[in-house]
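> Below: one structure in structure tokens.
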Amino acid sequence: MRIFLAAALALAGAPALAQQDMSKVEIKVERLAPGVAVLFGAGGNIGVSFGEDGNIIVDNQFAPLTDKIAAAVATLDPDPIRFVINTHWHFDHTGGNENFGKRGAVILAHDNVRARMSTEQFLAALNQKVPPSPKGALPVVTFAEGVTLHLNGDTLHVVHVANAHTDGDAIVHWQKANVLHMGDTFFHRASFPFIDLSSGGSIDGLIAAVNQSLRLANETTRIIPGHGPVASRADLVGYRDMLVDIRTKVAAGIKAKRTLAQIQESKPAERYGMPSGFIKPDAFVKAVHESLRSPPKRTAPHRR
């Protein structure tokens, strides 16, 4: 639950985040394959590629945790962190960008991540404004569809998935190690996913992102979710089926001209549990409903 509490605090803004004592957060390391690991702490899960070419991290949680994260990476490999990949713009995944940039890391992300971090954002679901990030926190290498890194004896494919959790999501696939980092397109256990409609997210894009990830995965793939424990392909299939089932039920309610309240009363998400998660069943149903009623147009990548 600590991971999901941190996510909720992050999305609620800096004043709420200040309520959590980051000095007590422990960064835990789990090795997944030769040269690949995941770090758990507070906020989004961090993927790590380590080896002879230096270290790459995927996401970086919160600024106060930078030293702890760097120390945890050093237990895998003492070399510097050369690259930071952001899976999307939310600051429980990008909060350490500025710190790692000052230490020499090159920050990579989708075009829309830089665009959103460069300007004030409004999270409608939480009625919360998020101020622009400082210049040093912005990605310096951006891409529209994807980028490939050839490092540490592996090939890392960074692939944009459109209008899923946000309009700037990327998944990262270690081809040789057979590891997949899905960012917040995958919340594994304990909470329904957060579809950030105000950042261009959508239920259809989320399902499409999961299906794309399933095409990359096989029975031995280790899957890093944005939040929650490491998962298998079977876990991801179950997650996809849940999304499709709830979407189908909500769409049927809309077609039958039922109100949102009436659809929620039919409890289309109840069978999947997780009532104490960050995103409650009714809130997720509402997000699906709004997404289907007003689907986003694919956001054209733009640079700042």
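> Are there helices (runs of 4 or more DSSP H) fully within the stretch 1-75 with at least 2 residues that are modelled with pLDDT under 95 and more than 20 Å from I171 (Cα to Cα)? List them.
Values: elements: 2-12, 14-17, 66-74.
Qualifying helices (runs of 4 or more DSSP H): 2-12, 14-17.
> May I ask you to verify whether I81 is touching a helix residue (DSSP H, G or I) at 6+ places or on another chain (Cβ under 9 Å) and among the β-branched types (V, I, T)? Walk me through it before giving the result.
On the way: touching a helix residue (DSSP H, G or I) at 6+ places or on another chain (Cβ under 9 Å): yes; among the β-branched types (V, I, T): yes.
Yes: the conditions hold for I81.
Rundown of residues vs (1) touching a residue at least 60 places away in the same chain (Cβ under 8 Å); (2) out of contact with any strand residue (DSSP E or B) (no Cβ under 6 Å at 6 or more places or on another chain); (3) at positive phi; (4) of a type outside the set (D, E), yes/no style:
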| site | (1), (2), (3), (4) |
| --- | --- |
| A164 | no, yes, no, yes |
| D167 | yes, yes, no, no |
| G200 | yes, yes, yes, yes |
| V210 | no, yes, no, yes |
| I223 | no, no, no, yes |
| D235 | no, yes, no, no |
| L243 | no, yes, no, yes |
| I246 | no, yes, no, yes |
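> Hey, another quick one. Filtering the stretch 77-92 down to residues that are in a strand (DSSP E or B) and open to solvent by 40 Å² or more (accessible area, probe 1.4 Å), which residue is farthest from M182 (Cα to Cα)? Step through it out loud before you land on a result.
Taking the stretch 77-92 and keeping what is in a strand (DSSP E or B), we get 81-85.
Narrowing the set further to residues that are open to solvent by 40 Å² or more (accessible area, probe 1.4 Å) leaves 82-83.
On the way: R82: 21, F83: 18 Å.
The qualifying residue farthest from M182 (Cα to Cα) is R82.
> If I filter the stretch 258-301 down to residues being assigned to a helix (DSSP H, G or I) and among the β-branched types (V, I, T), which single residue comes out as farthest from the chain's Cα centre (by Cα)?
Initially, the stretch 258-301 is screened for residues assigned to a helix (DSSP H, G or I), giving 260-265, 270-272, 281-293.
Still in the running and among the β-branched types (V, I, T): 263, 285, 288.
Working: I263: 28, V285: 20, V288: 18 Å.
Of everything passing the filter in the stretch 258-301, I263 is farthest from the chain's Cα centre (by Cα).
> Can you tell me which residues in the stretch 172-186 are touching a helix residue (DSSP H, G or I) at 6+ places or on another chain (Cβ under 7 Å) and either surrounded by fewer than 24 Cβ atoms within 10 Å (Cβ to Cβ) or in a strand (DSSP E or B) (or both)?
Hits for the stretch 172-186 are H173, L180.
The values are calculated or read from the model by the stated rules, or taken from the named source; none is laboratory data. Keep in mind it's a predicted model, so treat the numbers as computed, not measured. Because the Cβ atoms are built from the backbone with ideal geometry, glycine has one as well, and the counts that use them run over all protein chains shown. For accessibility, only protein heavy atoms count, side chains too; no ligands or nucleic acids. Shrake-Rupley method; radii C 1.70, N 1.55, O 1.52, S 1.80 Å.
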